[in-house]
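This report concerns only the one structure given below.
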Amino acid sequence: MAYRCRAYPTPEQTAVLNRTFGCVRLVWNKSLSERNHRYRAEGVRTSYRQTDAALTGWKRTEELAFLSEVSCVPLQQTLRHQHTAFGNFFAGRARFPRFKSRTGRQSAHYTRSAFRMREGVLMLAKTSTPLRFVWSFGEVDLAALDPTMVVVSREPDDRWYVAFAVDTAEPAPAEPAGHAIGVDLGLKDLVVTSDGERIANPRHLVRKARNLARYQRRMARCERGSGNRGKARAKVARAHRKVRTARQDFLHRTTTALVRSADVIVIEDLSVKNMVRNRHLARAISDAGWGELRRQLEYKCDRAGRTLVVIDRWFPSSKTCSVCGHVLAELALSARHWTCPGCRTRHDRDLNAAKNILAAGRAVTRGDSGDACGADVRRQGSSFRDRQ
Ligand SMILES: [Zn+2]
């Protein structure tokens, strides 16, 4: 559980934190390039211990001695994160770790040994005054807050944030709803449930995304390194933040409602990271939304004691008749409705898909397949095609 608030560092703190960000970035990038080099030259992976030992070595050299001027904790934490990132990459869960850029979001992680929090007053290592922040969680007593980790970040639009991570007690399971739903994730509507409920991306989110696209095009036309490009970049950063917060807010409300409404929620594994990108705005919004929606469902179901079933992504949910099981050879992308040649039922494309997803999820929870990934579902073409 984490609480994130706006922070307002003093000029002195800003200087210390910016220097810390710079060192975190340097350590990440240098370590990443050495890992890459070692992997290419010798074909061996690097352990966390090796990277930590290398960091100690760098601090002893003349040109990198300045790394000792900032708190060592954020530097070690970034090495830990990199190690996790590589673990995720090798397990096929994430992309290859990338180099950190000076213009992106900057952050530093402080564990308990590098900050002190007493009566709601936060002191970070290597600073002499408390970090000012605005606490906006009225229901949580700040004075009693005992975070295990503090993350300070600076967004590309120059806003500062501090996030407090806390261990929370096991929450009580939610009231049983006596209900199961299948959820189809789509482009026109973000969510269509097997109950026939539709949740479209809100208009203001679509408008904000359109603004972002416009600012990005404008920035692309500016000459590199020019003053206008700098201004354009600031606008892009601000538009990005607006899209992100609006989407985050919308997704939280959507997932909370879903988790409240059912004991069992079934979704398809869309392998968002493998999705082919296209230029359409709706796609761009949904792309970013699907992965986050699943993440939120996972932890909210876990907290509420609900079951989330993720079924095989090759399942042809749109093309299968939910009444008689007839499978269409072809279903045009534009077809919102179709009539089953087997039983003459007229289907709404997304609602039919949601019903099939629910049925596939039920088969999995009954243990018909003996495999939580829905291995009983036949592979019939890619659901990329099926789904668009
Ligand atoms: Zn049918």
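Numbers for the structure displayed
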{"item": "Test: residue in the range 126-145 that is of a type in the set (Asp, Glu) and under 24 Å from the mean Cα position of the chain (by Cα)", "result": "no"}
{"item": "Given (1) of a type outside the set (A, V, I, L, M, F, W, C); (2) crowded, with 19+ Cβ neighbours inside 10 Å; (3) free of Cβ contacts under 8 Å to residues at least 60 places away in the same chain; (4) part of a loop (DSSP other than H, G, I, E, B), index of the condition residue 130 fails", "result": "(2)"}
{"item": "Selection count where residues are in contact with an Asp or Glu (Cβ under 7 Å, 6 or more places away or on another chain) and more than 16 Å from the ligand (Cβ to nearest atom), scope the range 313-335", "result": "2"}
{"item": "All positions within the range 336-348 that are within 14 Å of the ligand (Cβ to nearest atom) and within 28 Å of residue 293 (Cβ to Cβ)", "result": "337, 338, 347, 348"}
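Bear in mind that the values in this text are calculations on the coordinates, not laboratory data. On a predicted model such as this, the values are computed, not experimentally measured, just so you know. Positions of Cβ are generated from backbone atoms using ideal geometry, with glycine treated the same way; all protein chains shown enter the neighbour counts.
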